[in-house]
C-alpha cells in the first residue's frame with residue numbers, strides 16, 4: 001500500500017512537473033497558428049524524453065552519478081566545457097523565462113505590474129531552495145502543477161469537433177498564411193520545449209539527492225513511462241484549447257493572458273482561478289528546477305560538492321552559483337524584455353543544445369562500468385540513435401530557420 | 001596502473017573522474033591530471049592532480065564510478081571554504097539542514 | 001532544407017517594392033486582427049460573467065499594446081508609387097481605427113464601465129473584419 005502510494009505520488013509529480021512556461025506558451029502559440037497540425041511533434045518529443053530520461057535514470061540508479069558528472073568523463077574537459085556552456089546558458093535562459101512566468105501569473109491575478117512581482121518571485125525561489133527539503137519541494141509543486149489538468153477539462157467543455165481535431169492531427173502540414181519554414185521553426189520550438197535539457201539534469205541530480213539505488217529503478221521507470229506521456233497529454237490539451245478557440249478567430253497567442261483565456265471561456269471564473277494557480281505552480285516549480293540545474297551543471301562539471309542533501313555551507317559554491325543565476329535573471333528581466341518572447345527563444349535554443357546533452361547519455365547507457373548488466377538493448381540503441389539524428393537535424397536547422405522566418409513571424 | 005589485480009586505463013578510468021573524500025563522503029573535485037612514473041615498466045600512476053594539488057596514488061582507497069581518496073591534510077575544499085566564509089556563512093540558515 | 005532556404009531567400013530578394021508593401025500590410029493586418037479579436041473575446045466573456053474585471057483589463061491592455069505595435073511597424077514602410085501610397089493610407093487608416101476601438105474599450109474597462117465597453121463591441125467587429133481582409137492581401 002505504501003509502495004503504491006509512493007508510485008502514485010511519483011507519477012502525479014511527473015505529470016505536474018512536465019509542463020513549464022515553455023510548454024504553456026509554445027503549445028498555445030502553435031495551437032492558435034497551426035491547429036492540431038503539429039500535434040505529432042509533441043508525441044515525438046515525449047517519446048524522446050521518455051527514452052533518454054529512462055537511460056539517465058538507469059545510469060543514476062546503478063552508478064550513483066548524475067548525468068553532468070559523466071558528460072565531462074566521457075567527452076573530456078574541452079568538449080565537456082562546450083556542453084557545459086551551452087547547457088548552462090540555455091538553462092539560465094529558461095530560468096529567466098520561468099521567473100517571468102511567475103511574475104506574469106501574479107500580474108494577471110492582481111493587476112500589479114509584473115516587474116514589481118519579479119524580485120519577490122526571485123526571493124521566494126531562492127528561499128525555497130535554501131530552506132526546503134528536496135523531496136518536499138518536488139512533491140508540492142508537482143502536485144499543484146496537476147491543476148493544469150483544467151486545460152483538458154476546458155477542452156471537453158468547449159465541445160470541439162473531435163473528428164476535425166483528429167483529421168488536423170493526422171495531416172501534418174502548414175495551413176493558411178503559414179509556410180513550411182514557419183512550420184519547421186515552430187516544430188523545432190515544440191520539440192525543444194518537450195525535450196528541454198534541464199529536465200535530465202534535474203531528473204538525474206534529483207535521483208542522487210533522493211539517494212536512488214538499483215531498487216528504485218522500477219519507480220523511476222514508472223514515473224517516466226507513465227508520468228511523462230500523461231504530461232504530454234496535458235501539453236496537447238493546451239494546444240487543443242488554442243486550436244478550438246483561437247485558430248478560427250484568427251487570434252495569435254503572444255501573452256500569458258491569452259494562454260489562460262480558453263479555460264475562462266469554458267469554465268468561467270473558477271476555472272480561471274484554478275488555471276492561474278496551476279500556472280504559478282508549474283512556473284515556480286520549473287524555476288526551482290532550472291535554478292538548481294544551473295548549480296548542478298557547473299558543480300558537477302567542476303567536481304564541487306553540490307546538492308540539497310548537505311547543509312548550504314557544505315556546498316557553498318553550488319549555492320553561490322544559484323544566487324548569481326537568480327540575480328542575473330532578475331537583472332535581465334528588469335530591462336523589461338517580454339518574458340513570453342524570452343520563452344519562445346529559450347525553447348529554440350534548447351533544441352540547439354540537445355545533441356550535446358543526449359549523446360553522452362547514450363554512450364554511458366551502453367557502458368558496463370556505469371550500468372553493469374543493464375546496458376541498452378538493441379531496440380533502445382536503435383531508437384536512441386534515431387533520436388540523436390533527429391536532434392542533430394533540429395539543432396542544425398534551428399538558426400537558419402530563425403533567420404529565415406525572422407523568429408517565426 | 002594495477003590495483004587489486006585490475007588493469008585500469010588511466011585515461012578512461014581516472015581522468016575527469018569525481019573525487020570523493022573518504023572521511024565525510026563529500027565531493028572533493030575532479031581528477032584534472034595524473035602524474036606518471038615513466039621509468040617503471042609498465043608506467044604507473046604515482047599521483048592524481050586536482051585543483052593544482054597532488055594526491056599521492058597511495059591515498060586512493062576505492063576506485064569505482066568515482067575515486068575515493070584519503071584527503072586528510074590536503075585541504076581539497078579550500079576554495080569552497082573561502083566562498084563559505086565570504087558569502088554563505090553570512091546568510092542566516094547556512095548551517096541548517098533543509099526541512 | 002537547402003532548397004527551401006534557397007527558394008525563400010530568392011523570393012525575399014526578388015520581391016518588388018509593391019509586393020513587399022503588400023506583405024507588410026498583410027502581416028500587420030493579421031497581427032492587429034488577432035489583437036482586436038482578443039479584446040473582443042475578453043469583453044464578451046466579461047459580459048457573460050466568465051472573467052473577472054482584472055484579468056480582462058489586463059488582456060485588453062496587452063491587446064492595445066499589440067495593435068499599436070503592429071500599426072507603428074507598418075508605418076515605417078516606404079510606399080514608392082501612387083498606388084502603393086493609396087494602399088499605405090488605407091491600411092494605416094484601418095490600423096488607426098482598430099487602435100482607437102481597442103483603446104476606448106481599455107478606457108471603459110479601466111473605469112469599470114462594462115456597458116460602455118459592450119457598446120464598443122460593434123466597433124471591434126468592424127475593425128476586425130477590415131483587418132482580416134487586409135490580412136488576406
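The values are calculated or read from the model by the stated rules, or taken from the named source; none is laboratory data. Owing to the predicted nature of the structure, the values given are computational and were not obtained by experimental measurement. Positions of Cβ are generated from backbone atoms using ideal geometry, with glycine treated the same way; all protein chains shown enter the neighbour counts.
What to note about this one:
- Considering the conditions (1) crowded, with 21+ Cβ neighbours inside 10 Å; (2) more than 24 Å from residue C:131 (Cα to Cα), residue A:262 is excluded by exactly one of them, (2).
- Screening residue A:142 with (1) over 20 Å from the mean Cα position of the chain (by Cα); (2) touching a residue at least 12 places away in the same chain (Cβ under 8 Å) gives one miss only, at (1).
- When A:107, A:73, A:98 are checked against the criterion of being without any contact (Cβ under 8 Å) to a residue 12 or more places away in the chain, assigned to a helix (DSSP H, G or I) and away from chain B (no Cβ under 14 Å), a single residue qualifies: A:107.
- Checked against (1) within 14 Å of chain B (Cβ to nearest Cβ); (2) surrounded by 16 or more Cβ atoms within 10 Å (Cβ to Cβ), residue A:356 passes all but condition (1).
- Residue check for residue A:299: free of Cβ contacts under 8 Å to residues at least 60 places away in the same chain, crowded, with 24+ Cβ neighbours inside 10 Å and either within 30 Å of residue B:52 (Cβ to Cβ) or away from chain B (no Cβ under 14 Å) (or both): yes
- Count of the stretch A:120-143 residues which are away from every other protein chain (no Cβ under 13 Å) and within 20 Å of residue A:293 (Cα to Cα): 7
- Elements of type helices (runs of 4 or more DSSP H) in the stretch A:155-257, at least 2 residues being within 14 Å of another protein chain (Cβ to nearest Cβ): A:180-194, A:198-209, A:228-249
- Positions within the stretch A:369-408 being touching a residue at least 60 places away in the same chain (Cβ under 8 Å), within 14 Å of chain C (Cβ to nearest Cβ) and surrounded by fewer than 16 Cβ atoms within 10 Å (Cβ to Cβ), in sequence order: A:407
Rundown of residues vs (1) more than 8 Å from chain A (Cβ to nearest Cβ); (2) over 10 Å from the mean Cα position of the chain (by Cα); (3) within 22 Å of residue C:123 (Cα to Cα), yes/no style:
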{"residue": "C:24", "(1), (2), (3)": "yes, yes, no"}
{"residue": "C:34", "(1), (2), (3)": "no, no, yes"}
{"residue": "C:44", "(1), (2), (3)": "yes, yes, yes"}
{"residue": "C:49", "(1), (2), (3)": "no, yes, yes"}
{"residue": "C:60", "(1), (2), (3)": "yes, yes, yes"}
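- Selection within the stretch B:63-99 - surrounded by fewer than 17 Cβ atoms within 10 Å (Cβ to Cβ), more than 11 Å from chain A (Cβ to nearest Cβ) and at pLDDT 90 or above: B:70
- Scanning the stretch A:306-347 for residues that are within 9 Å of chain B (Cβ to nearest Cβ), in contact with a helix residue (DSSP H, G or I) (Cβ under 7 Å, 6 or more places away or on another chain) and either surrounded by fewer than 24 Cβ atoms within 10 Å (Cβ to Cβ) or within 30 Å of residue A:186 (Cβ to Cβ) (or both) gives A:307, A:309, A:313, A:317, A:320, A:323.
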